[in-house]
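J.: Here you go, one structure.
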Amino acid sequence: MKIANLKQTKYVFFIGFALLGLIILLTSTLPNSFQYYLTVSEYTQDLERYKDAEVKLAGHVVPGTIENSTDKTQWTFEVFHEQATMPIVYRGAMPDTFNDEAEAVLTGKYQDGQFVASHISAGAPRYEEKLDRPMTLLESEQPS
């Protein structure tokens, strides 16, 4: 009878510790993953509101503004959205997809007239091909 109670107690403790671990994991990681991002134009319209807050900023890299320090660890560039631009400073390794006109999402804070990024995600720019005439199937692709 005592052995059965001991096994039940072990299961209760195991489930309790598993739930505690899950709660700790969720409370430490979820707030950052649900952080809403702002476009550059939204952000520049109300800089005071976001003064000391870490935000995610979205925009496109302004062509020709990317500069790298001599030791290759600090990057400066500008991002834009609609009519607004923002100077960016970033220290660290740059994603392979980062280039002129790339879509960028930057995490960081506004300091001393520039956005100091602590993390960068970049995607290739989207290109849409304009067709002069409707696409037609090749003879080999025509249905029988």
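Coordinate-derived values only; no laboratory data. Predicted, not measured: the structure shown is a model, and the values here were computed from it.
J.: What is the extension gain from D112 to A18, computed as 0.36 nm multiplied by their sequence separation minus the C-alpha to C-alpha distance, in nm to one decimal?
T.: So the chain would gain 29.4 nm between D112 and A18.
J.: Follow-up question, since we're still on this one. Could you give the length gained on full extension between M94 and R49, defined as 0.36 nm per residue of separation minus the Cα-Cα distance, in nm?
T.: Numbers: separation 45, 0.36 × 45 = 16.20 nm, distance 2.86 nm.
Here the segment from M94 to R49 would lengthen by 13.3 nm.
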